[in-house]
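The structure appears below as structure tokens.
The values are calculated or read from the model by the stated rules, or taken from the named source; none is laboratory data. Fair warning: this is a prediction, and the values are worked out from it, not measured in the lab. Please note: Cβ atoms are built from the backbone with ideal geometry, for glycine as well, and neighbour counts cover all protein chains shown. These accessible areas exclude ligands, DNA and RNA; they are computed on the full protein's heavy atoms, side chains included. Shrake-Rupley method; radii C 1.70, N 1.55, O 1.52, S 1.80 Å.
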Amino acid sequence: MAFPTMIQSKVRILLRLLWCKQTAGSKAFRSRLVLGIETSCDETGAAVMDESGAILGESLHSQKEVHLRTGGIIPTVAQALHRGNIERVVQEALDRSAVAPAQLAAVAATVKPGLALSLGVGLSFSQRFVRHHNKPFIPVHHMEAHALTVRMLQPLHFPFLVLLVSGGHALLAVARGVDDFLLLGRTLDEAPGDTLDKVARRLSLRKLPRCAALSGGQAIELLAQDGDRKRFRFRTPMGQTPDCCFSFAGLRNQVTLLIQKQEAEEGVEEGTVLSCVSDIAAATQHTVASHLAKRTHRAVLFCRTNRLLPSQNPTLVLSGGVASNQYIRKALAVVAEATGLQLLCPPSRFCTDNGAMVAWNGVERLREGIGILAPEVEVSYEPRAPLGVDITAEVRAAAIRLPSIRIKIPD
């Protein structure tokens, strides 16, 4: 099921805002406003949202260009950039929404998981803000926010299956409520976005003009469009392990060995862009997509066996930064169609880190009365924080064998 186009989304938001203005003076209108603040990694984001999910104002400062120049995210650099921009970003979100701090019902901020130094900036600023303005504080789990973003965009009832994939995370979970998740699988080493970025760096893709301004994952996706994924074949990770966990480090090692072999064959040194670079990108992307699809397929079968999803209109949600990759979306669409699930993916701008998803998580928690703290309560950030109840051992014990599904991705 596709989301409305960007134009339709803007029309919907404008209609919401118009309705808000028309009803703001009535005693019956009680829509509460939440400010969301995101600093878990390398994006400084803020957004003001009402209870309907309408974004009244937002701002985002990306550190992408800085980290591209340094070849990866340096935590101390990310921290300094967050510190230098967070006050401006939050003020821009408030100004664009025409909302004063006194009008806010609560402030939500990401406190886990993520880069410690980045989380610390957002948490410190948020706690100063809520104490100064005497507002409730809502600590947010970063992956929970990604998982629930889809409910901001369209009606979706619990429970549903969610695959969250990003530069720092990969997990499969059943979302049973706003703060009620069953963890079916997680990455055992590195995340898919991290793998794609490292492969892109090893291939020296930034030396190609059309890739210079792209992240590693974006560069891989772009080059893969012109590549032959069948020229090089990589083993799909964990093929003999009957669970829903992920592993990408072994795949990266396979790709590195191939690159070294091709450099020797072409007689070039490391750092030279290979003539077969598009084929390597295509094969890498396909193997990542295939691994994600197969583990998700097993998760669907486990959920069906254990009646964890509704029998009518079961849903698979794909979110997180890597979910912006169209090839990976198509691979998951194959699994969803074969297993009778509807696949929902937020638009790309809501897959990557942003303040709106944090504000929406705040709205959801405010509605349920979950995790709302007084401004003076001390909160600590958590760089590592699992999502929900871990039942990965139960999934492994079920030892579900997968029927064959051909992951054939249309051009």
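Brief remarks on what is shown
- Among Gly271, Gly114, Gly45, the largest mean-square fluctuation in a Gaussian network model of the chain (Cα springs under 10 Å) belongs to Gly271.
- 3J(HN,Hα) couplings calculated from phi for the stretch 275-281 with the Karplus curve 6.51 cos²θ - 1.76 cosθ + 1.60 (θ = phi - 60°) are, in sequence order, 5, 9, 4, 5, 5, 5, 4 Hz; Gly and Pro show x.
- Each residue of the stretch 399-406 is assigned a 3J(HN,Hα), and the resulting list reads 6, 6, 8, 8, x, 6, 10, 7 Hz, derived from the Karplus form 6.51 cos²θ - 1.76 cosθ + 1.60 (θ = phi - 60°), x at Gly and Pro.
- With 22 Å as the limit on Cα-Cα distance, the pairs of Lys198/Lys261; Lys207/Lys294; Lys207/Lys330; Lys261/Lys294; Lys230/Lys261 that go past it are Lys207/Lys294; Lys207/Lys330; Lys261/Lys294.
- Helix 6-23 axis, angle to the chain major axis (alpha carbon atoms, nearest 10°): 10
- The length gained on full extension between Arg131 and Lys230, counted as 0.36 nm times the residue separation minus their Cα-Cα distance, comes to 29.8 nm.
- Subtracting the Cα-Cα distance of Ser124 and Ser62 from their residue separation scaled by 0.36 nm leaves 20.4 nm.
- Between the amide H of Glu51 and those of Arg32, distances stay under 5 Å, these residues lying 5 or more places away or on another chain, with hydrogens modeled in the peptide plane.
- Among Ala106, Ala264, Ala374: highest mean-square fluctuation, GNM of the chain, C-alpha pairs under 10 Å: Ala264
- Cα convex hull of the chain - mean projected area over all directions, nm²: 20.3
- Applied to the stretch 230-242, the Karplus parametrisation 6.51 cos²θ - 1.76 cosθ + 1.60 on θ = phi - 60° returns per-residue 3J(HN,Hα) values of 7, 5, 10, 10, 10, 6, 5, x, 6, x, 9, 9, x Hz, with x for Gly and Pro.
- Diffusion of the stretch 346-395 by Stokes-Einstein, at 25 °C in a medium of 0.890 mPa s and with Rh set to the Kirkwood radius over alpha-carbon pairs, works out to 175 µm²/s.
- The share of accessible area on the stretch 33-132 that comes from carbon and sulfur is 54 percent, using a 1.4 angstrom probe.
- FRET efficiency, Lys261 to Arg307 (Cβ-Cβ, R0 51 Å, nearest 0.05): 0.60
- Most mobile listed residue (Thr236, Thr352, Thr70) in the chain, GNM with C-alpha springs under 10 Å: Thr70
- Segment Ala249-Leu222, length gained on full extension (0.36 nm per residue, minus Cα span): 7.5 nm
- Residues whose amide H comes within less than 5 Å of that of Ala170, counting only those at least five positions distant or on another chain, are Thr187 (H built at 1.01 Å from N in the peptide plane).
- On Cα atoms only, tilt of 326-339 relative to the major axis of the chain in degrees: 90
- Degrees separating the helix 249-266 axis from the principal Cα axis of the chain, which is the longest one: 50
- Solvent-accessible area, 1.4 Å probe, carbon plus sulfur percent, for the stretch 294-379: 48
- Average accessible surface area per residue within the stretch 228-371, 1.4 Å rolling probe, Å²: 39
- Percent carbon-and-sulfur accessible area, the stretch 138-185, ignoring ligands, DNA and RNA, probe 1.4 Å: 52
- Contact order, relative form, for the chain: 23 percent (alpha carbon pairs under 8 Å, 6 or more residues apart, mean separation divided by residue count).
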